[in-house]
Each structure stands twice: as structure tokens, then as C-alpha cells.
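The values are calculated or read from the model by the stated rules, or taken from the named source; none is laboratory data. As the structure is a prediction and not an experimental result, all values here were calculated from the model. Neighbour counts are summed over all protein chains in view; Cβ atoms, including those assigned to glycine, are modelled from backbone coordinates with ideal geometry.
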Amino acid sequence: MKPYFEDEAVTIYHGDCRDILPQLGPVDLVLTDPPYGVGRRYGASYDDSRATYWDWFRPCVDDVLRPAGTVLAMTHRLEALRQLPTWDWVACWHKPYGAGARIGTSPLLPHWEPILMWGIHTLGTKRDSLPDVITVNPERSPSPVRLKSNGRIQHGSRDQAYERDTDTAEHPLPKPIALMKRLVAGLSSEGQTVLDPFMGSGTTLRAAKDLGRKAIGIEIEERYCEIAAKRMAQGVLV
């Protein structure tokens, strides 16, 4: 396989992780933010269809991701818990600032997402503890936010949200780098290898590189590979 991008800390592959991962050796941590199966338009190469997503993602987790190492996957709230019941633990990404859809016809406005974990018992206890509720606000979109539209409402101050890295502006839903840094720092050690098989704009890789880890990213949509490669070409950010 020829990397799309490579330096002393990071390697990026352009392609389907189901084809590429079996050709790689095991890593120390798989940390990823895959599509959620909600019909989001990430690009022509993605299948985020509500009808077919779980048909391919369930075997991807069991047959491709889990053999690669300890897995942390951020996924869609309760549907993920129903569809992927083999996890060892569920951590919580808590978002005090919320601007999203209420739950159905209820008054509830969710301020959390699950982080499903497989294989965490292999990590041992010879490191600082990491709480399983991690509070990090989402990053603000560069575009203006409509506070009331199609049933969407806001709770909390928009100033509580982080400014988004301008390099991620072309990706619809990048995770906050502060969140990824907390997870990378708490569940891996300096010099270890972190893999993101649904790399997107490269936030997991950026966090790993800044924290002195090795990183491997796989991305099926080439325009996101280009964004990630540009981010990785920057020096280490502290």
C-alpha cells in the first residue's frame, strides 16, 4: 500500500478501512468517529443511509476494528447501544452547550453522546485514571447558527462552544480536538500508535501527533485526506 501522506509521526491511507486494516498490524488504540447512520452527506464514497448503515458497520466493528486493538467509537446515542451490544463499557461525551433537535415530541434536549469501548481491560491500571464522563463542548461552526429552525433549539450560551479549527471547515461534523486529546492522553502512552479508520479531517491524528504518539489514519473520501494531510504537515502544536 502506498500512503497518501507520511511523515515521522503520521501515516494516512486513502481507501476503505475494511480493505486496508487487514494489511496492517495491531495498534495500541483505535479511536474513531464513524458515520452515525443518520443520512448525513459526507461525500459520494460514504454509506450513511438509515436503511443500510448498520448492515455494514456491525460486521466492520466485529471483524475489522476489534482485531486491530482496543477500540473507542463515538456513535449515535441509543441506536448504537441497540445495534452494538457487545461493548465492554460506555463512556459519555458530555456537551453543556447544546444546539440540536429535541428527542421526538418530548421536551428533552440531549447533551451527551456515548463512546462505546471494546478491550479496555487490556490497558491496565499503570496510568492516571480517566473519568468516563468527559465534558467538552462542541466546536462552533464557521457559519451562523439558527437558534430556532425545524424544531431545533439552543440551550446554554453559544460562547461556551469552542471555535472550530478553520482547517476542518469543509467537514460537516468534526469532533473537538480537546475531546480527542483527552481520550488519546488518557488511554495511550507517548510513543504508542493510535489508529483512526474513519479519519475525516484528521482531528484524532492531530491530537495524537501533538501528544507525542504515532498515528495512522484511513479515509475513504479523498477530499478529507487532503484536508488531513495539510493539518499533519504543520508542526507539533502545544
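Residues in the stretch 189-205 that are crowded, with 24+ Cβ neighbours inside 10 Å, polar (S, T, N, Q) and touching a strand residue (DSSP E or B) at 6+ places or on another chain (Cβ under 8 Å): THR204 alone. Checked against (1) over 23 Å from ASN137 (Cα atoms); (2) at pLDDT 95 or above; (3) not in a loop (DSSP other than H, G, I, E, B), GLY212 passes all but condition (3). Taken together, the residues in the stretch 26-44 that are over 15 Å from ARG66 (Cβ atoms) and touching a strand residue (DSSP E or B) at 6+ places or on another chain (Cβ under 9 Å) amount to 2. Screening HIS94 with (1) of a type outside the set (A, V, I, L, M, F, W, C); (2) at pLDDT below 90; (3) touching a His at 6+ places or on another chain (Cβ under 7 Å) gives one miss only, at (2). Can we say PRO144 is modelled with pLDDT under 70, loosely packed, with under 12 Cβ neighbours inside 10 Å and more than 17 Å from the chain's Cα centre (by Cα)? Answer is yes for this residue. Of all residue pairs spaced 6 or more apart or on separate chains, those with beta-carbon atoms under 7 Å, a first member in the stretch 18-33 that is β-branched (Val, Ile, Thr) and a second member that is exposed (fewer than 13 other Cβ atoms within 10 Å of the Cβ) are ILE20/MET1. Residues that are of a type in the set (Val, Ile, Thr) and either assigned to a helix (DSSP H, G or I) or more than 15 Å from the chain's Cα centre (by Cα) (or both) were ranked within the stretch 1-38; the one that is surrounded by the fewest Cβ atoms within 10 Å (Cβ to Cβ) is VAL38. When ARG50, ARG41 are checked against the criterion of being over 22 Å from VAL184 (Cβ atoms), exposed (fewer than 15 other Cβ atoms within 10 Å of the Cβ) and without any contact (Cβ under 8 Å) to a residue 60 or more places away in the chain, a single residue qualifies: ARG50. Looking at this structure, is TYR97 farther than 23 Å from LEU187 by Cβ, in contact (Cβ under 8 Å) with a residue 12 or more places away in the chain, surrounded by 16 or more Cβ atoms within 10 Å (Cβ to Cβ) and not small (Gly, Ala, Ser)? The answer is yes for TYR97.
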